[in-house]
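Before any comments, here is the structure.
The values are calculated or read from the model by the stated rules, or taken from the named source; none is laboratory data. Being a predicted model, the structure only gives us computed values, none of them experimental. Quick reminder, even Gly has a Cβ in these numbers, built from the backbone with ideal geometry, and neighbours come from all protein chains shown. Ligands, DNA and RNA are stripped out before the accessible areas are found, and what is left, the full protein with its side chains, is counted by its heavy atoms. Shrake-Rupley method; radii C 1.70, N 1.55, O 1.52, S 1.80 Å.
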Amino acid sequence: MNSAPPIIHLKDIHFSYPGGKAVLNHLDFKFYRGDRTGLIAPNGSGKTTLFHLIMGLVKPSSGKIELFGKPVSTARDFEDVRRRIGLLFQDPDDQLFSPTVMEDVAFGPLNLGKSKSEAQTIAHRTLAYLGLEGFEDRITYKLSGGEKRLVSLATVLAMEPEVLLLDEPLNGLDVDTRAKIEEIIFNLDLSYIIISHDIDFLLSTTAQIYTIKNGKILFDDKLQIHAHRHAHPHGQYPHEHE
Amino acid sequence: MLQEPFAVGNSILHRIDPRMRIAAATVYSVIVALSRHFPTLATAVGASLALIMLAKLRPRDVVIRLIIVNSFTLLLWLVLPLTFQGSVAISIGPLSVYHSGLIMSAQITLKSNAILMALMALIATMTLSTLGSALNRLHLPDKIVHLLLMTYRYIFVIEQEFQRLMRAAQIRGFRPGTNLHTYKTYAYIVGMLFVRSALRADRVYKAMLCRGFKRKFYCLHQFRTGKEEWLFGTAMGVAVMVLIYLEWLKAGV
């Protein structure tokens, strides 16, 4: 690890939904600049909640959150944080609300106070980076599942964040699109945390993998490289694993 | 799935600045709706037909839409002539067909067809997102414009969720009938649709917050008003003046 303070630091976080049992319990988590972290845990273990806590979308019942070395608690604190941390939602339909792709990708930069032409330049550049040239005037709801995922990644990247939080980025995608997204993520020059159920994907894109157990984040060394058998599409054909 | 078949096209009307088209369609529709005399209404139907031709819309699609609307006016033709009191035009046995009812039905039919055709040619020839942006530029309140655009964006998502719920019911043997079980099932489905839509709205709002949303929307559309626009505006202005003149001529008699 390095000596700089963590950019995401969760201290003794406790969280429970109203009337429900605790989802996160005395959770401690440190994330440093340059880290590439995977998070693999069962459904309902609080992974998405963890992301929403970091973005200030839900409030912890108790505990402290420090981001970029500063404690954050009020809505105003989080406003500044949200431009530096980008969250990719599980469902692209939640993220894409504008009629056209261009308007959606430019929405973030415009909120950051960029002029219309600057925002459009950023949007063009981001779309081109993701291989989405010519998508500007496409209607968001008419995109395919894979295209929607790529465009919602574009809307997040257009904010030029320092950290990415990716919530199941491969969810519901076909083999080709998965490979494309995996490659894009691997080549990003950003720190990121990925939630996924796909251990192969996490092994190839992240340096360490954690899990959540009993509301706490654990470094899961058992999950580090190990021989395994599994079934996946076209598994009968010769193929390589990293 | 909702479609916008008229929005794709490259006629003169498609190229006219949407703001000008909206303004023209609004004024024209109001004048037609307020007119009462047949020369005026017949002229309006003619003018609307001319607009349809200018927009180069597929006649088949236009006719289909007109049939839908005219099935409603047919209902008026069945009801109004029999119920409107006044001088009797024809008596068929115990039924009396009233003169003023017939006139009223004819007026409504001509008006609705003229207005509908004008809207098809002028408004349906732009996508809803263009319509939203244009309304925004015409200084309609932000909230209304974005309510319109958001509704349009999520109506498809909500429709998909409805289909999912319906399928879930159907694969378990649900067949709608006239019984309490059917009503209850539909109530559950509609209720669940509301719950899901509310949750969806919550997630969309959160996603917007994550991208720095500060209760302000921006409009990227660029509109320009050039020679074609003024030509079109003048032509529509003349058409409206002619309608008003015809109406005034009759009113004077």
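Listed values, structure above:
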quantity: Peptide A:86-95 - average C-beta neighbours from other chains (10 Å radius); calculated: 5
quantity: Estimated distance in nm for a label pair at A:N171 and B:V27, the labels positioned 7 Å out from Cα along Cα-to-Cβ; calculated: 5.2 nm
quantity: Shielding by partners - mean other protein chain Cβ count within 10 Å, residues of B:196-207; calculated: 4
quantity: Order by protection proxy (mean Cβ within 10 Å, highest first), peptides B:136-148, B:167-179; calculated: B:136-148, B:167-179
quantity: Straight-distance crosslink candidates among aspartates and glutamates, where the alpha carbon sits under 18 Å from B:K111 and sequence neighbours closer than 8 are dropped; calculated: B:E247
quantity: For B:Y245, solvent-accessible area (1.4 Å; no DNA, RNA or ligand), Å²; calculated: 130 Å²
quantity: Peptides A:31-39, B:9-17 ordered by average Cβ neighbours within 10 Å, highest first; calculated: A:31-39, B:9-17
quantity: For the protein assembly as shown: rounded, prolate or oblate by the Cα gyration tensor [a/c cutoff 1.5]; calculated: prolate
quantity: A versus B: buried accessible surface, summed, Å² (probe 1.4 Å, to nearest 100); calculated: 2900 Å²
quantity: Reach of A:K21 by Cα under 18 Å, taken over aspartates and glutamates that are not fewer than 8 positions away in the same chain; calculated: A:D12
quantity: Per-residue [θ]222 nm for chain A (sum of -39500 (n - 2.57) over DSSP H runs n ≥ 4, rounded to 500); calculated: -9000 deg cm²/dmol
quantity: Protein accessible area in the protein assembly as shown, 1.4 Å probe - carbon and sulfur %; calculated: 62 percent
quantity: Estimated vicinal HN-Hα couplings, Hz - the range B:122-136 in sequence order (Karplus 6.51, -1.76, 1.60; Gly, Pro = x); calculated: 9, 9, 5, 7, 10, 6, 5, 5, 5, 4, x, 4, 5, 4, 4
quantity: Average beta carbon contacts from partner chains per residue of A:107-117, 10 Å cutoff; calculated: 4
quantity: Listed peptides B:62-68, A:151-157, A:196-202 by packing density, highest first (mean Cβ within 10 Å); calculated: A:151-157, A:196-202, B:62-68
quantity: Aspartates and glutamates with Cα under 13 Å of A:K213, excluding same-chain neighbours fewer than 8 positions away; calculated: A:D28
quantity: Calculated FRET efficiency for the pair B:E228/A:E66, C-beta based, R₀ 56 Å, to 0.05; calculated: 0.40
quantity: Whole-Hz couplings from phi, Karplus 6.51/-1.76/1.60, listed for the range B:86-102; x for Gly and Pro; calculated: x, 6, 7, 8, 9, 10, 10, x, x, 8, 10, 9, 8, 4, 5, x, 5
quantity: Cross-link pairs A:K114/A:K142; A:K116/B:K143; B:K227/B:K250 - those with Cα-Cα distance over 31 Å; calculated: B:K227/B:K250
quantity: Fully extended contour minus Cα-Cα distance, from B:Q85 to B:A42, at 0.36 nm per residue; calculated: 12.9 nm
